[in-house]
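Any read-out appearing in this document is the output of simple, stated calculations on the displayed coordinates, not a laboratory observation. Please read these numbers as outputs of a predicted model, since none were measured by experiment. Reconstructed Cβ throughout: ideal geometry from the backbone, glycine too, with neighbour counts over all protein chains shown.
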Amino acid sequence: MFDLKDKVIVVTGAAGTLCSAIVEDFAKNGARVALLGRTRSKVVALSEKLNNEGCCTLGICADVTSELDLKEALAIIKENWGDPDILINGAGGKDHRALTEGVEFTPEELSGDANGFFGIHSEAFDAELAMNIQGTVLPSKIFGAGIARKGKGSIINFASMNSYRPLSRAPAYAIAKAGILNFTQWLAAYLAPAGVRVNAVAPGFFINERSRKLLMTDDGGFSERGQQVVSHTPMKRFGEAAEMVGAVRYLIDDQQAAFVTGICLPVDGGFLSCSGL
Ligand SMILES: NC(=O)c1ccc[n+]([C@@H]2O[C@H](COP(=O)([O-])OP(=O)(O)OC[C@H]3O[C@@H](n4cnc5c(N)ncnc54)[C@H](OP(=O)(O)O)[C@@H]3O)[C@@H](O)[C@H]2O)c1
């Protein structure tokens, strides 16, 4: 297994559902992990918990859409540990104001009686694009330079099932995640001469704080949409955050994945392979 000891790893969205499991695995296997997140209290709490267990982490408040925040984060990381070896671009998500209420057009939206595409909140739409796209491009720019300086390392982006085919209701998220897949391929080709591999993971459906309301009922059952997801998932369940760890570990492994760059690895219980018929 790839030795993580003393590797300097930057993780954005570090205190989130999926990345907190990834961070914990890295930190408990000897990596020096910089936990970046938008809410200071969340990254500081996770960092303190891990450091109390003997790990070596830094909790840094940084908005991934702010070049200034990211440069300040890099300065802190360099002062403590030097340039990064690995970047995990985990920050991302949806803004509920940029969702359509229904899955398809209804005449009611023309009279303003339904929140459809024609009435979608333009600022929220733009912010969602920025959070996901700029939030992947900017950290790749700010931290990727340090990885290239070392001449070896990798970047992992977070794609989605939306990267392949848009799901209903979330057009901004679908555009952004398709863009992230495309950017992964572009950056992989661009950075190959620098010794930096760039890949993505595409989670299927994992329950997080926001999706719980959408996919589950109060008594722990599946909502109508949750049931639709599960019935299109051959393994008939949602993923567990810990199930993302192996895919990320493989892709950052400089021996096992030495010739792997520009790919996107789905972790989806078979969702992509299932037509639903
Ligand atoms: N869960 C799924 O089923 C699923 C499926 C496909 C793809 N994904 C992708 O996987 C990644 C992780 O998802 P998740 O389920 O773990 O989501 P999550 O629990 O909502 O975590 C996302 C994290 O990103 C942080 N974040 C959001 N905007 C940020 C910004 N501007 N600057 C810095 N940090 C920011 C959030 O911080 P705050 O809490 O402080 O806002 C949060 O800690 C995301 O890219 C998501 O799109 C998830």
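Points worth noting:
- Cα-Cα P(r), the chain, percent of pairs per 10 Å interval: 7, 28, 35, 21, 7, 1, 0
- log10 of Debye I(q)/I(0), alpha-carbon scatterers only, for segment 1-124 at 0.17 Å⁻¹: -0.79
- Within a Gaussian network of the chain (alpha carbon springs, distance under 10 Å), most fluctuating of Gly179, Gly90, Gly116: Gly116
- Taking the convex hull of the alpha carbon positions in segment 126-267 and averaging its projected area over all directions gives 9.3 nm².
- Cα-based convex hull, segment 4-75, per residue volume (Å³, whole number): 73
- Exposed loop positions in the chain were taken to be GluC sites (Glu not before Pro) whose DSSP state is not H, G, I, E or B and which have at most 15 other beta-carbon atoms within 10 angstrom. Between these positions, the longest stretch is 105-208.
- Counted charge near Arg165, where neighbours are those whose Cβ lies closer than 13 Å (Asp, Glu -1; Lys, Arg +1): 0
- Segment Cys56..Ala242, full-extension length gain: 64.9 nm, with 0.36 nm per residue of separation and the alpha-carbon distance subtracted.
- Relative to the current alpha-carbon distance between Leu272 and Ala145, full extension at 0.36 nm per residue lengthens the span by 42.4 nm.
- Paramagnetic reach from Asp126 in segment 61-98 [backbone N under 15 Å; point 7 Å along Cα→Cβ]: 98
- Set Lys94/Lys150; Lys78/Lys213; Lys71/Lys94; Lys141/Lys213 screened for pairs whose C-alpha atoms are more than 31 Å apart: Lys94/Lys150; Lys78/Lys213; Lys141/Lys213
- Annotation note: trypsin sites (Lys or Arg not before Pro) in segment 126-167 located in DSSP loop regions with a Cβ neighbour count of at most 16 within 10 Å are Lys152.
- Segment 1-103: trypsin sites (Lys or Arg not before Pro) falling in loop per DSSP and having at most 15 other Cβ within 10 Å: Lys5
- Note that segment 130-193 shows a convex hull volume over its alpha carbon atoms of 67 Å³ per residue.
- A full extension of the chain between Ser41 and Glu79 corresponds to an added length of 11.5 nm, given 0.36 nm per residue minus the alpha carbon distance.
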